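All remarks here apply to the structure that follows.
The values are calculated or read from the model by the stated rules, or taken from the named source; none is laboratory data. Treat the numbers as computed from the prediction; the structure is a model and nothing was measured. Methodologically, a virtual Cβ is constructed for each residue, glycine included, from the backbone with ideal geometry; neighbour enumeration extends over all protein chains shown.
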Amino acid sequence: MEMTESPSITPPPAWRKYWIVLSTRTQEDMAYRTNYFFGALFRFLPLVTLIFLWRAVYASSPTSLIGGMSYGDMVAYNALMFISRGFSSMPGMTRDVSAEIKDGLLNKYLVKPLSYFWYQVTYRLAHKVVFWLVAAVTFPPIFWYLRGYFTHPPTLLEWGAFLVSLVIAFWIGMLFSFLVGLLAFWFLEISTFLFVIMTIEFFLSGQMIPLNLLPANLQPFLTYMPFGYEGYWPCMILLGKIPADRMGTLLGVGLGWLALFYLLSLWAWKAGLKRYSAVGG
């Protein structure tokens, strides 16, 4: 069967049904809070390796600063990355969206009076709620232990910009994952796309190394890429590496990417439904 009508992914007028999705999913995830606890705790183990790695790098460096960052800055940056990625990462979302399209499971959403996009938002938000409830217990002791590496006292402006950047990180991560998942409307198998795209996203979000360590001729290009808002920029804001007069422009570009991804998702959803055959659902 061919779908000619496309339910909008614009915000619905009534949020009660999405609140039910959010609360139900949160309760389901809370049943596995022990898994979340150990997951939130042991995700810091790679940081131990990074601390020793960067210590060796700085020990062999002729200068105490690399890319304008001290050894303490580098450790603090990698610790803060766990907070940034805790907002922007959407584990399994792209795979789930593409599978529901490919296997015809999207049918059960199309016949219901709800938006599939906003269903996904509330579904993933529930995961974030549980994750951060657990992280509120596991993260503070670790950051307290690492407090000596945080040498810059953030200003009120930097704290405010950091919080705004985390909101931007969540929405860019959400919209980008949703948009990539919608490729299944055009391609039956997108696993290759996922591997390539997620590898690029991992690198350009600054998870591997801070983006300011890359060649200078790439910096103007990297500044305006969306992926840095998923990790790099929130960390650099709180470390005091962004001048106050540049803060507004930086956040404005992030909001611009957010708007663009939303419009692209809206277009891809409507265009994709015209191709959707609903086979297998």
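Points worth noting:
- Hits in the stretch 101-116 (condition: in contact with a Phe, Trp or Tyr (Cβ under 8 Å, 6 or more places away or on another chain) and not aliphatic (A, V, I, L, M)): TYR109, TYR116
- SER265 being under 30 Å from PRO46 (Cβ atoms), among the hydroxyl-bearing types (Ser, Thr, Tyr) and at pLDDT 90 or above: no
- ALA14 of a type in the set (A, V, I, L, M) and either over 25 Å from PHE227 (Cβ atoms) or at pLDDT below 70 (or both): yes
- Look at (1) surrounded by 15 or more Cβ atoms within 10 Å (Cβ to Cβ); (2) free of Cβ contacts under 8 Å to residues at least 60 places away in the same chain; (3) not in a helix (DSSP H, G or I) and you find that MET208 fails only one, number (1).
- Residue in the stretch 108-121 that is aromatic (Phe, Trp, Tyr), under 30 Å from ASP245 (Cβ atoms) and buried (at least 19 other Cβ atoms within 10 Å of the Cβ) present: no
- Of everything in the stretch 217-232 that is modelled with pLDDT of 85 or more and part of a helix (DSSP H, G or I), the residue that is nearest to MET90 (Cα to Cα) is GLU230.
- Members of the stretch 217-266 found to be in contact (Cβ under 8 Å) with a residue 12 or more places away in the chain and of a type in the set (Phe, Trp, Tyr), listed by number: TYR224, PHE227, TYR229, TYR232, TRP233, TRP257, PHE261, TYR262
- Elements of the type helices (runs of 4 or more DSSP H) sitting completely within the stretch 61-155 and holding at least 2 residues that are more than 26 Å from LEU22 (Cα to Cα), within 24 Å of the chain's Cα centre (by Cα) and in contact (Cβ under 8 Å) with a residue 24 or more places away in the chain: these cover 71-88, 116-145.
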